[in-house]
1. Over all Cα pairs of region 194-248, how is the pair count split among 10 Å bins, expressed in % and running from 0 up to the last occupied bin?
2. Pull up all non-local amide H partners of Leu106: gap of 5 or more, or a different chain, and H-to-H distance under 5 Å with H placed in the peptide plane.
3. Taking neighbour Cβ counts within 10 Å as the exposure measure, how do Arg226, Arg231 sort from fewest upward?
4. How large is ³J(HN,Hα), in whole Hz, for each residue of region 70-83 in order, when computed from phi with the Karplus curve 6.51 cos²θ - 1.76 cosθ + 1.60 and θ = phi - 60°, using x for Gly and Pro?
5. Which ³J(HN,Hα) values in Hz, rounded to whole numbers, follow from the phi angles of region 249-255 under the Karplus curve 6.51 cos²θ - 1.76 cosθ + 1.60, where θ = phi - 60° and Gly and Pro get x?
6. Ranked highest first by the average count of other Cβ atoms within 10 Å around their residues, in what order do 181-193, 247-259, 17-29 fall?
7. Return the long-range amide H neighbours of Val204 (sequence gap of 5 or more, or a different chain), with a cut-off of under 5 Å between placed amide H atoms.
Amino acid sequence: MFAPRPRLTPQIGPHVWQADTLSPADWMIPVGQEDAAELAATVAALDGHRPAARGEVPLPRLAPTLAALAERLETGHGFALLRGFPVDRAQPEHAELALLILALQLGAVLPQEGAPVGRLAAAGADRGGSGGRFHADPCDVVGLLCLRQPPAGSSTLVAAGAAHNALMRLDRAALETLYQPLPQRLGGMVMRRAVFGAAGGAFVGRYERDAIEDAVAEHPLTPAQRAALDRLDAACEEPALPLTLETRAGDVLFYNPHLVWKRQAADGPEAGAALPREMLRLCLAAPSPRRLPVEAPEAPPGA
């Protein structure tokens, strides 16, 4: 059963950014030596213990910076990059603890295959199978800590709100289709949810085409639905929209997948790179996330 026909209006606000209107000052948060030293001292004091709650790892010096970061993620551009943390690759467990400590100031860490922090050693890739498309991760916040970056390494982001507005300009019928629920395989179950919508009065864009394609064997897409997804992929690639961040070892990127989608980097070694990109990744549930609608399992065909 389809939702009521939406009233299409352009998205406005800081979450509707384009790469050609941003400067590094809009997304980079420099970390001072004393702040970095506080994090290093907190890691050392844990002596290998993995904290489970924010109260175990207070960061009084970094607290204002991280509070500002949380606001950027929820009501600002939806992403920010912290630069200035030294990374010692000889002690990878220290880097994992550092990322975990930072993340606990922002929300509850969601396990990835049983572990709070995942290690990504593929060349430039942060997840498999997306074929170069932009996508939204199934959480409230994603954190990425760069351990090693070959020359010319980068991360590419796009604002879901900007993609929404581009599609509204290019193909309103396609945008209207993406406000209707689509079958998606999530956590082993086929659910129905829309790409675009609102939660608690706030804009939400949740795009994971792999999850949609995983459900088509049981719940085929209509030609209009498939065409709308193709149009969305094209809208995300409009030259002015995607922002490519040149990352380096020690950078920590946080982004809100309800507002910002990340492109899957190409697999395989980068040209001229002796060693692959290496990153740590974790996912968070925010303490006050956008109130997403309850999703019901899709009934099997013919039921």
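Derivation of every value follows stated rules applied to the coordinates shown; laboratory data play no part. The structure displayed is predicted, hence computed values, not measured ones. Every residue, glycine among them, receives a Cβ derived from its backbone with ideal geometry; neighbour counts consider all protein chains shown.
1. Binned Cα distances yield the sequence 18, 39, 32, 10, 1.
2. none
3. Arg226, Arg231
4. 4, 5, 4, 5, 8, 10, x, 5, x, 7, 6, 10, 8, 10
5. 4, x, 6, 10, 9, 10, 8
6. So the order, starting with the most tightly packed, is 247-259, 181-193, 17-29.
7. Distant-sequence amide H within range of Val204: Gly197, Ala198, Ala199.
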